[in-house]
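Undergrad: Before I ask anything, here is the structure I am working with.
The values are calculated or read from the model by the stated rules, or taken from the named source; none is laboratory data. Bear in mind the structure is a predicted one, so any value in this text is a computation, not a measurement. Neighbour counts are summed over all protein chains in view; Cβ atoms, including those assigned to glycine, are modelled from backbone coordinates with ideal geometry. Please note that ligands, DNA and RNA were not included when accessible areas were found on the heavy atoms of the full protein model with its side chains. Shrake-Rupley method; radii C 1.70, N 1.55, O 1.52, S 1.80 Å.
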4 protein chains.
Amino acid sequence: MSMDKIVYRPVRDEFAYTFGGRMPVAHVRSGDVLQVFTEDCFGGLVRGPADLPSQVCRMPYLNPVSGPFFVEDAEPGDTLAVHLLSIEPTRNWGVSATFPHFGALTSTSQTATLQPPLQERVWVYEVDKTAGVVRYRATGSDHVVDLPLEPMIGTIGVAPGGFEARCTIVPDSHGGNLDTPQLRAGATVYLGVRMHGAMLALGDGHARQGEGEACGVGVEIATATTLAVEVIKGVPTLWPRIETDRAVMSVGAARPLEDAYRIAHRDLVGWTACLTGLDELDAYQLVSQAGRAPIGNVCDPNYTVVAAIDKQFLPSPAAAYGGAHDRLRLLAARHR
Amino acid sequence: MSMDKIVYRPVRDEFAYTFGGRMPVAHVRSGDVLQVFTEDCFGGLVRGPADLPSQVCRMPYLNPVSGPFFVEDAEPGDTLAVHLLSIEPTRNWGVSATFPHFGALTSTSQTATLQPPLQERVWVYEVDKTAGVVRYRATGSDHVVDLPLEPMIGTIGVAPGGFEARCTIVPDSHGGNLDTPQLRAGATVYLGVRMHGAMLALGDGHARQGEGEACGVGVEIATATTLAVEVIKGVPTLWPRIETDRAVMSVGAARPLEDAYRIAHRDLVGWTACLTGLDELDAYQLVSQAGRAPIGNVCDPNYTVVAAIDKQFLPSPAAAYGGAHDRLRLLAARHR
Amino acid sequence: MSMDKIVYRPVRDEFAYTFGGRMPVAHVRSGDVLQVFTEDCFGGLVRGPADLPSQVCRMPYLNPVSGPFFVEDAEPGDTLAVHLLSIEPTRNWGVSATFPHFGALTSTSQTATLQPPLQERVWVYEVDKTAGVVRYRATGSDHVVDLPLEPMIGTIGVAPGGFEARCTIVPDSHGGNLDTPQLRAGATVYLGVRMHGAMLALGDGHARQGEGEACGVGVEIATATTLAVEVIKGVPTLWPRIETDRAVMSVGAARPLEDAYRIAHRDLVGWTACLTGLDELDAYQLVSQAGRAPIGNVCDPNYTVVAAIDKQFLPSPAAAYGGAHDRLRLLAARHR
Amino acid sequence: MSMDKIVYRPVRDEFAYTFGGRMPVAHVRSGDVLQVFTEDCFGGLVRGPADLPSQVCRMPYLNPVSGPFFVEDAEPGDTLAVHLLSIEPTRNWGVSATFPHFGALTSTSQTATLQPPLQERVWVYEVDKTAGVVRYRATGSDHVVDLPLEPMIGTIGVAPGGFEARCTIVPDSHGGNLDTPQLRAGATVYLGVRMHGAMLALGDGHARQGEGEACGVGVEIATATTLAVEVIKGVPTLWPRIETDRAVMSVGAARPLEDAYRIAHRDLVGWTACLTGLDELDAYQLVSQAGRAPIGNVCDPNYTVVAAIDKQFLPSPAAAYGGAHDRLRLLAARHR
């Protein structure tokens, strides 16, 4: 087990725009700790009000991810546990925008109407790591307000397998553009391995985002993200799961939004039953009364919902994935 | 303005099963404080594991509400503000259940499939007001766990107007079965008046529920709910809104779930713009980054999502509805 | 059994705007033949390009229906069969329009966005009964084209029961604003009776409409509609069904659209199994390969889909509803 | 221009399971006529009641397509026109099935519930090309009925571009598993080219299917499909379009089903306006009254709806795509 942190800083043409279909940028091993530099979803090209995303960005060069990393010994049927130790903004600003026909409160290429798009506009936020805030500044008036800095990784996933390569804007069972604030430092995400080497990649940091990412874009930042990986052999994982000190969570990604809710809750009920010995209906009941269901995004090709239950409500649960979360947290802590 | 609390305790055949289409049970005035006794969603008929709801309840006698109350001087185009001072369970137990083809993790009469229903089962919870907990007890194993007692009102609304009478199980723009944990003590709900006298009614208390009310049923309780009402003249309200000391919120009710999200956020963006002078795109941006979006229900005829933003992020906002929340909170406090 | 046709021609303030909650305008008996005059969905107020619906119409006075008719001996648990003998336009014009935030290709009050509405515009069609055409005339250019005159009834239903009264714009299991071209002359519609007397009402004639009624409005006409009614005792009907000489059909009404599809097909599979003795999976297979699924509307509060299977593919089926369609067709024929 | 038909008969390990990410199996030129042999969606492995698909098939080896064909001179921004001259079943049988948690009338991996799957069952159909029928045979009773033989191609598309490779089970803007009966002999499908060479592939023949493909599986057959291709330079196509002698059509693929409807109709309205000089609202109105909207599938990862309008209702339209349909039909006719 390596005690040195592996540092990966991509150069521009190394970024990936799909999960799957790419050669690895590096090989890592179970137990490794990585520091990965990620670019923002616009490739760093939107820096001010005049940089309209639809003009400065070019499809498909949106939402670059760093990776993929080939994880030694990861095989289909295994699970890759990724513990997020820290997510550090690497610039003192972040950016958000409206984008034509993208977002929850506009017609889109899917929810297609005859209406013209909303105005495209850019908001630049100051990121103050010391104060722990991001500063919103209205464009049409003088209002300025500080919002809590709550860095998260919008996009993390593995190769989808089945010969597929999926655009990094898509969230699905392989992970991808989950866009949930639950992917913050301290969280361990479990991803089902679908091909030899797993092919982990990540990017799309947000200084923060509201639940649902209504306008389609968070406060987008470049990051230095430190993470620890572990391969859990012989344990498959169907949909992404997240574990924190407080809770276990399942992520669903689908349209319509209720299907994302259903997937996440179906998975959490099954997981809860597994962890606790409750029968499925008892687990369903417990999750129904004690569960939380934070919405991730309502703008991406699949919407995301997280189903969560606090560990304190589970009967002395068997440690999830053999205690991987605690193990990785300890491992990562040595690298602070 | 009355300083006496009006107490209303319905007898069985006084319960209403629709919003609209009913004669009022009492007249109240702006500024009145009421204590309203409510029955649980099963009419109190489900008291143990053998009381299967589909057998002991009979349609349409589900989800009884207490009322309607005729509010003097409330006219279409006004808003009725209802502050929830307290929601007290009146029994030391609550009950939940699965119900055939109802709930988020089963096919339903709408999401119709050829599969047989899940097993119908009842869970009885102990409600311990002193300890502030409800006790979950598994039916198929020994697991027992205490969950926080967080009483809420599942159903509150006014007559929908337009000659309509809507089943109390339905949430829509008139309120109704919103089933959101945000309707707890301390909250003020704003409902658009659609007919002379508003015709306020409420019921369906929950000792608690998870977000989405996955199994279709919360921890159902009878309550004594104390509330204060105020008519805000000449201010219309399109969708239900909620105000607490912390936040302003809009409620959307629709299918699919993303439409509930859209309605709530469209309304909150407009409200935020109104309260703060931000233009709509600036308000959209602020809500996108600072907003919360707790899911209410994913089981009722319309699903519900709440869009919320904390007041601290708004620029010295004009008090919503002329300060009704603060005014009612003070008024109600005198009745503790 | 009456051999005289009952003629009902409403005066203005007799129109109903809900199913349920109204006193009957007349009593009829099983076996009666009625000629019912219906007004168009705008109450006849939109007659030219300057009559913008949002200006000349006032909520809730949209989509008037003629009735309700109290059908003697119709009780909850029975089915009301209504055979449409003829649907005659009573004027030589029809009208369509865009309406702000209503229709399939615009954001709406449910699919809420921040975009302004599409332009409101009126199209007046000439109805030529002799030639059997309706004449489309472009408003922004010279294009004129004749479309087949295919009159249909947009709205037909019974009182929903359960103390409810539903706006006539809503389609649901009680019928209502189904907006499907299948409701043309020659069709028999089966509606489950939910309260004493059934309380049949109808209106909203269309000279024709495309599948889905994309812009939200058909070619709206006033009609003289001749129909024959029969009460089928002791046979319940859950969702509206339609029978023609060619096919049996089930109607689903819900959102999202796939749930309308599911309801209709779930019902048709069950009905097919009943009529033929096929087991449910065999019926599912047969409907899957031989079925048609014409979309009704994708604009109303619930969307509608019809599931249809041609009788020729069913194994010498037991006559549906005891042969009501054939019986009513013969009865009605005597009244031509 | 070649006057010889190019015949392509894949050997087993040549089949593709994605659009994109594959080397071409052959190069063809604009104006070529191809005869392509396709295998059924089960790879020919389901041949009788005992061959349960979930047992004899292995993911991701489902829905094989023949190709991809590299089309010379096809570049991003061009359109590939593919005329289907004939679709010949190559065996005298076809097969359908239920598949666990797949189909419209069951919960699925997306519409996830706690219910067990429906029974998995296989139906074998006789295909009688001479009589032009496929013979349905019930499994649980004696019912046998002949349905019209209406061969179609379920899956046809190009590489999606953007470095993506999409599973052949998915329909989207690149084509793919559209599963619409409109893709029959005589139709020309237009596909937007997204990468050098277009990379056309096809498969998944159906002897017939009902609208929506309710059970998730048509009457699956292997085919010899003859098609003619033409590259239309400099004309982009966003969503698949279909042209027949009778009609022009746009295909939408999305969830929920109303978004597939919206995409198809948004596209057809724009296309109609382009072809005829009508302004967009006039085109919207015309499509709303004259349009048809046959549902393709309600079971695949994206649902499909086709929007169609008959050419006779369009004002002497400019020939679509410069008359490609007529040109290819003539070309193909020489190869009968």
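Undergrad: What are the distances, in nm and sorted shortest first, from the label point of C:GLU126 to the label points of the same position in each other copy, with each label point placed 7 Å from Cα along the Cα-to-Cβ direction?
TA: Its label point is 5.6, 7.0, 8.3 nm from the equivalent points in the other copies.
Undergrad: Between the chain alone and the structure with every protein chain in place, find the residues of the stretch A:102-136 that drop at least 30 Å² of accessible area; heavy atoms, 1.4 Å probe.
TA: Buried-area filter returns A:ALA104, A:LEU105, A:GLN110, A:THR111, A:ALA112, A:THR113, A:LEU114, A:GLN115, A:LEU118, A:ARG121, A:TRP123, A:TYR136.
Undergrad: If you average the sequence gap of Cα pairs under 8 Å that are 6 or more apart and divide by the length of the stretch B:183-336, what percent do you get for the contact order?
TA: 26
Undergrad: Sticking with this one: What value does the stretch D:247-314 have for Rg/Rh, both radii from Cα atoms and Rh as Kirkwood defines it?
TA: A ratio of 1.00.
Undergrad: Can I ask one more? Once the label point is placed 7 Å from Cα along Cβ, list for B:VAL11 the distances to the corresponding points in the other copies, in nm, shortest first.
TA: Spelled out, the distances from B:VAL11's label point are 4.3, 8.8, 9.0 nm.
Undergrad: For chain B, with only Lys/Arg (+1) and Asp/Glu (-1) charged at the beta-carbon, what is the dipole magnitude about the Cα centre, in debye rounded to 20?
TA: With Lys and Arg at +1 and Asp and Glu at -1, about 420 debye.
Undergrad: For the stretch B:1-46 and the stretch A:144-187, compute the distance between their C-alpha centroids and round to whole Å.
TA: Taking the Cα centre of each part, the stretch B:1-46 and the stretch A:144-187 sit 48 Å apart.
Undergrad: Rounded to the nearest 500 deg cm²/dmol, what is the calculated helix-only ellipticity per residue at 222 nm for chain B, with -39500 (n - 2.57) per DSSP H run of length n ≥ 4?
TA: -4000 deg cm²/dmol
Undergrad: I'm checking a number: the convex hull volume of the Cα atoms of the stretch C:103-214, normalised per residue, in Å³. What is it?
TA: It comes to 133 Å³ per residue, whole-number rounded.
Undergrad: Using a 1.4 Å probe on protein heavy atoms only, how many Å² of accessible area do A and C hide from each other, summed over both chains and rounded to 100?
TA: Accessible area lost upon association: around 1000 Å².
Undergrad: Show me the chymotrypsin sites (Phe, Trp or Tyr not before Pro) within the stretch B:268-336 that DSSP assigns to loop and that have at most 11 other Cβ atoms within 10 Å of their Cβ.
TA: Taking the stretch B:268-336 and a limit of 11 other Cβ atoms within 10 Å, no loop chymotrypsin sites (Phe, Trp or Tyr not before Pro) are found.
Undergrad: Please work out which residue of chain B brings its Cβ closest to the axis of the rotation superposing B onto D, and round that distance to whole Å.
TA: Reported as residue, whole Å: B:GLN115, 2.
Undergrad: Within the stretch C:305-336, name every residue whose backbone N is under 15 Å away from a label modeled 7 Å from Cα of C:ALA224 along the Cβ vector.
TA: Answer for the stretch C:305-336: C:335-336.
Undergrad: Shifting gears a bit: For the stretch A:5-232, with all protein chains present and a 1.4 Å probe, just round the carbon and sulfur fraction of the accessible area to a whole percent.
TA: The nonpolar share, carbon plus sulfur, comes to 52 percent.
Undergrad: Counting only other chains, and only Cβ atoms inside 10 Å, what mean value do you get across the residues of A:195-207?
TA: Partner-chain Cβ atoms within 10 Å, mean over residues of A:195-207: 0.
Undergrad: Suppose we keep just the alpha-carbon trace of the stretch C:1-136; what are its Rg and Dmax in angstrom?
TA: Over the stretch C:1-136's Cα set, Rg and Dmax evaluate to 18.4, 58 Å.
Undergrad: Roughly how many percent of the accessible protein surface of the stretch B:251-317 is carbon and sulfur, given a 1.4 Å probe and a whole-percent answer?
TA: Answer for the stretch B:251-317: carbon and sulfur cover 50 percent of the accessible area.
Undergrad: Distance from the Cα centre of the stretch D:260-336 to that of the stretch C:205-260, in angstrom?
TA: 26
Undergrad: Which FRET efficiency value, to the nearest 0.05, do you get for D:GLU72 and D:LYS311 by plugging their Cβ-Cβ distance into 1/(1 + (r/R0)^6) with R0 = 35 Å?
TA: FRET efficiency, D:GLU72 to D:LYS311: 0.70.
Undergrad: Now for a different question. Regarding the stretch A:5-232, what are the three Cα extents along the principal axes, ordered largest first, in Å?
TA: Rounded to whole Å, the extents work out to 55, 44, 29 Å.
Undergrad: Treating the point 7 Å from Cα along Cα-beta-carbon as the label, what are the nm separations from D:SER54 to the other copies, to one decimal?
TA: For D:SER54, the other copies' label points sit at 2.3, 4.6, 5.1 nm, shortest first.
Undergrad: From the cross-link list B:LYS129/B:LYS311; D:LYS129/D:LYS233; C:LYS129/C:LYS233; B:LYS5/B:LYS129, which pairs have alpha carbons spaced over 29 Å apart?
TA: Checking Cα-Cα distances, B:LYS129/B:LYS311; D:LYS129/D:LYS233; C:LYS129/C:LYS233 exceed 29 Å.
Undergrad: Roughly how many debye, to the nearest 20, is the charge dipole of the stretch B:251-317 about its Cα centre, given +1 on each Lys and Arg Cβ, -1 on each Asp and Glu Cβ, and no other charges?
TA: 140
Undergrad: When the dipole is taken about the Cα centre of the stretch D:116-221, and only Lys, Arg (+1) and Asp, Glu (-1) are charged at their Cβ, what size is it in debye, to the nearest 20?
TA: Charge dipole, the stretch D:116-221, about its Cα centre: 220 debye, nearest 20.
Undergrad: If you line up the long axis of helix B:324-333 against the longest principal axis of chain B, both from Cα atoms, how many degrees apart are they, to the nearest 10?
TA: 60
Undergrad: Provide Rg over Rh for the stretch B:50-123; use the alpha carbon set for both Rg and the Kirkwood Rh (inverse mean inverse pair distance).
TA: Taking Rh as the inverse mean 1/r over Cα pairs, Rg/Rh reads 1.11.
Undergrad: On to the next question. Using Cα atoms only, what is the angle between the long axis of helix C:280-290 and the major principal axis of chain C, expressed in degrees (0 to 90) to the nearest 10?
TA: 40
Undergrad: OK, next. Say we join alpha carbon atoms closer than 10 Å with springs in a Gaussian network model of chain B; which of B:LEU114, B:LEU200, B:LEU286 then has the biggest fluctuation?
TA: Looking only at B:LEU114, B:LEU200, B:LEU286, the biggest GNM fluctuation is shown by B:LEU114.
Undergrad: What are the semi-axes of the equivalent ellipsoid for the protein assembly as shown, taken as the square roots of 5 times the Cα gyration tensor eigenvalues, largest first, in whole Å?
TA: 43, 43, 30
Undergrad: Per residue, how many Å² of accessible area does the stretch B:1-115 show with a 1.4 Å probe?
TA: For the stretch B:1-115, the per-residue accessible area is 40 Å².
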